[in-house]
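Here the structure is laid out as structure tokens; the discussion comes afterwards.
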Amino acid sequence: MTSTTLGQKVVSPVAAGDTVAAQIKSRSRPALMWRALRRDKAAVVSIGILVFLTLVAVFAPLLAPYDPLDGDASQRLEGIGTPGHLLGLDGQGRDILSRLIYGGRYSLTVAVLPVLAAAPIALLIGMFAGYFGGRTGNAVMRVLDVLFAFPVVLLAIAIAAVLGPGLANVMLAIGITMVPYMARVVYTATVQESAKEYVEAARAAGATQAQILRQQLMPNVMSPLVVYGTSLCGLMIVLAAGLSFLGVGVTPPAPDWGVMTSDGRSVLLEGYGHVATIPGLVILVAALAFNLIGDGIRDALDPHKQTS
Amino acid sequence: MSGRDVLVQAQDLRKVYAKPTLFGTGEEFVAVQGATFDVLRGETFGLIGESGSGKTTIGRMLLRLVEPTSGFVGFDGHDVTRLTPKGMRRLRQRMQIVFQDSGSAFNPRRAVGEQVAFPMRQFDLCPKNEVRDRVVDLLEHVGLRADQADRYPHEFSGGQRQRLGIARALASEPEFLLLDEPTSALDVSVQAQILNLLQQLQEERHLTMLLITHNLALVQHMCDRAAVLHHGELVESGPVDDIFHKPQNEVTRRLLDAVLEPVAA
Ligand SMILES: Nc1ncnc2c1ncn2[C@@H]1O[C@H](COP(=O)(O)OP(=O)(O)OP(=O)(O)O)[C@@H](O)[C@H]1O
Ligand SMILES: [Mg+2]
């Protein structure tokens with residue numbers, strides 16, 4: 001080990017400029033990240049699944065065999081494999097496959113948008129409170145702690161009640177509810193990273209507070225936020241369904257995976273398991289895919305994994 | 001020390017840490033008090049003390065990385081303790097630091113070359129298109145390879161990272177270098193290499209250095225004058241020879257006894 005550190009000076013290339021230029025090209029950051037992500041089979045499959053689900057939702061009118069809202073009462077609750085209805089029919093005789101295809105439009109939006117909207121706000125709050133600390137930082141986190149004390153659903157209902165019903169408001173409500181949770185994750189990471197000497201080194205080199213926050217801390221607190229944020233996506237679908245059940249979310253008969261699952265609950269005990277199970281499985285798969293993509297992004301952002 | 005003027009001046013420095021609690025400030029802890037000493041231009045001044053004696057705290061106060069509770073820090077005629085943030089940032093070009101723990105001294109998510117380049121860019125020391133060449137020169141100067149500029153901190157050994165730390169500290173072409181236990185995390189042979197590198201650089205660049213350490217042998221090897229720190233207070237200071245041969249204080253004698261043999265390097 002020790003002899004190599006000295007020996008390296010001897011073998012250092014003469015035409016350093018060329019080597020360095022070549023190195024920059026072959027090691028560019030996005031390329032390395034993409035390579036790391038591609039190597040992660042689980043993430044690749046997950047991306048595939050979500051892209052598929054998204055495309056299906058976008059082209060729902062072309063793909064859905066039936067109208068998702070129109071039911072045929074004579075065929076209600078028929079099971080999987082019913083001729084013409086691959087996944088069977090629900091309690092109101094509506095084609096489950098068609099409702100699933102259309103449902104992605106709501107469910108995927110509700111899964112992603114609130115998290116995406118809450119993330120930058122949480123990043124800002126968490127980083128400021130964590131970096132500047134002191135009384136202001138403490139005060140901010142105490143306020144968030146108070147918000148923690150409210151049950152999420154209750155808070156979301158309250159917000160949705162103030163804003164009025166409708167998908168956009170529901171997403172806004174869910175997003176606001178998620179801010180304290182995500183901010184807490186960022187806060188913890190920021191406090192941890194701020195204490196490290198590289199932050200001090202940047203300050204010693206004349207970095208401004210803004211530069212320290214943006215260049216030094218942000219890249220280091222993004223990973224936990226991404227992992228946490230993607231793990232929330234699946235929960236959002238369920239939360240939105242809960243709100244809809246309480247009358248503030250997606251309004252029936254609009255199809256939504258979460259709503260479909262809760263609809264199916266009423267006939268579950270009558271022995272018609274498929275009505276709840278099928279959308280439930282789809283939610284499960286989507287949630288899992290979000291999680292795995294989060295892990296994949298975390299690894300792709302990690303220089304340890306990029307260069308191995 | 002005839003004809004040498006004072007570059008860094010510490011006067012009655014005091015640092016009190018208070019644990020903040022929900023209701024006001026909690027118990028206070030005096031980390032440093034009454035620290036007064038001068039570092040002359042061109043010399044290497046040693047700051048010796050056991051773990052927890054306040055060495056790092058004093059060093060950081062000199063660079064105003066830690067705000068002193070009271071006292072005065074002078075740097076070449078500037079009142080460091082009273083500079084505006086902007087004035088302070090400008091002054092930082094002239095004072096740099098090499099950290100104790102090379103593992104956390106670099107941002108794990110940025111290429112090391114970029115981090116060595118940062119002070120150059122920040123202080124606008126050379127045209128943008130020359131930064132790269134200057135970084136490469138610097139890396140080679142401290143015994144690293146040009147192509148290592150694009151690597152990440154985890155791809156280096158402890159000794160190599162300490163070389164990087166020195167390269168980064170030199171990037172702004174400072175006059176004053178604060179070395180906070182620069183070798184305590186390294187094994188003996190690498191320690192000697194790093195110390196030799198530092199001495200070589202000091203001669204080439206006429207650096208003034210403050211060496212923080214708990215190792216008296218290191219002070220004898222590197223320093224002209226030194227101060228001994230005990231529980232946040234300076235108990236003795238003066239030329240290194242005097243400290244070694246005519247220790248005035250019990251703490252110094254204990255530290256001397258702890259050094260079983262003089263440094264080999
Ligand atoms: N941010 C802080 N908050 C509270 N106490 C602190 C803080 N930083 C340092 N201290 C305390 O001040 C004292 C001196 O710390 P300092 O880091 O200066 O010691 P040191 O001499 O550098 O020790 P070492 O050799 O272990 O690096 C220690 O008791 C430490 O616990
Ligand atoms: Mg220390």
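Is region A:220-231 home to any residue that is in a helix (DSSP H, G or I), facing chain B (nearest Cβ under 10 Å) and under 24 Å from B:Leu177 (Cβ atoms)? Taking every residue of region A:220-231 in turn, none turns out to be in a helix (DSSP H, G or I), facing chain B (nearest Cβ under 10 Å) and under 24 Å from B:Leu177 (Cβ atoms). Filtering region A:200-219 to residues that are within 8 Å of chain B (Cβ to nearest Cβ) and touching a residue at least 40 places away in the same chain (Cβ under 8 Å) leaves only A:Pro219.
For region B:151-179, give me each residue that is outside any helix (DSSP H, G or I) and without any contact (Cβ under 8 Å) to a residue 40 or more places away in the chain. Before the answer, list the steps.
From region B:151-179, those outside any helix (DSSP H, G or I) are B:151-152, B:156-157, B:172-179; that's our starting set.
Scanning region B:151-179 gives a single hit, B:Ser157.
Can you tell me which residue is nearest to ligand 1 (Cβ to nearest atom) among those in region B:185-215 that are open to solvent by 30 Å² or more (accessible area, probe 1.4 Å) and within 14 Å of chain A (Cβ to nearest Cβ)? The residue in question is B:Ala185. Out of A:Gly249, A:Gly242, A:Gly271, one residue alone is away from chain B (no Cβ under 14 Å) and within 23 Å of A:Thr82 (Cα to Cα). It is A:Gly271.
Of everything in region A:242-259 that is part of a helix (DSSP H, G or I) and open to solvent by 10 Å² or more (accessible area, probe 1.4 Å), the residue that is modelled with the lowest pLDDT is A:Phe245. Total residues in region B:55-72 satisfying the condition of being near ligand 2 (Cβ under 9 Å from one of its atoms) and closer than 19 Å to B:Gly238 by Cβ: the figure is 1. Look through region B:57-78, keep the residues that are under 15 Å from B:Gly34 (Cα atoms) and among the β-branched types (Val, Ile, Thr), and return whichever of them is farthest from ligand 1 (Cβ to nearest atom). Among them, the one singled out is B:Val73. Total residues in region B:149-158 satisfying the condition of being open to solvent by 10 Å² or more (accessible area, probe 1.4 Å), facing another protein chain (nearest Cβ under 7 Å) and small (Gly, Ala, Ser): the figure is 1.
Is it the case, given these coordinates, that B:Pro182 is within 7 Å of another protein chain (Cβ to nearest Cβ) and either among the charged types (D, E, K, R) or not in a helix (DSSP H, G or I) (or both)? The answer is no for B:Pro182.
The values are calculated or read from the model by the stated rules, or taken from the named source; none is laboratory data. Every value quoted in this text rests on a predicted model; they were computed, and no experiment measured them. Ideal geometry is used to build each Cβ from the backbone, glycine not excepted, and the neighbour counts take in all protein chains shown. Heavy atoms of the whole protein, side chains included, go into the accessibility calculation; ligands, DNA and RNA do not. Shrake-Rupley method; radii C 1.70, N 1.55, O 1.52, S 1.80 Å.
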